[in-house]
Amino acid sequence: MKKFLLVSLSVMLISTFFAGLASPATAEEPKILEFHTMVGTTAGLTGAQSQAVLRGVSGGGLPWTLTSAHGELKANGKLEIEVRGLVLAAGASTGSNPSAVFRALVSCLRSDGSVQNILTEAFPATTGPASSGGGNAKIETTVALPHPCIAPIVFVTNNAGSWFAVTGN
């Protein structure tokens, strides 16, 4: 009886082991940041003056506003952002997006307290007035995050890396 029980248990363990190898893991990568809003660059945070720089990232040259934004950053570096109506809030082109591309920038504090900023490639953005669909973009990419990525901040930037909208912890 003991022998039968031992053989049965061994067969079950081996079957479970090989079944685990045959099917991929279904555990989802943990999110380190999920957001449903962003804030546009305000007049006091435009340009390269010292008070406008957040973690080494300068604000856009003019104030920006947006209709909506949401996204997430996962521990494996997968980044998804969707912005709607990201347009100038001041100047001659108020209410429009003149930029044909947006980029994302992820800023993390490393365990030694230093800042690491990771700028993505450019993604297409719709130009023109927000009322006609201007300022819309979807960014989906993977960035190489430091481990750990402490207090992440996610920016939407212009092609040069100056920020138009931001969110974070």
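Would segment 29-168 count as rounded, prolate or oblate if I go by the C-alpha gyration tensor, calling it rounded below 1.5 in a/c and otherwise prolate when a/b exceeds b/c, oblate otherwise?
It is oblate, given that a/c is not under 1.5 and a/b is not larger than b/c.
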Ordering of 57-63, 67-73, 127-133 by burial proxy (mean other Cβ atoms within 10 Å per residue, highest first): 57-63, 67-73, 127-133
What is the calculated FRET efficiency for ALA144 to HIS70, with r their C-beta to C-beta distance and R₀ = 25 Å, to the nearest 0.05? 0.60
Hey, which aspartates and glutamates would be in cross-link range of LYS78, C-alpha to C-alpha under 15 Å, not counting anything within fewer than 8 residues on its own chain? GLU28, GLU29, GLU34, GLU121, GLU140
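Throughout, read-outs are computed from the coordinates displayed, never taken from laboratory work. None of the values given here were measured: they were computed from a predicted structure. Note: ideal-geometry Cβ built from the backbone for every residue, glycine included; neighbour counts use all protein chains shown.
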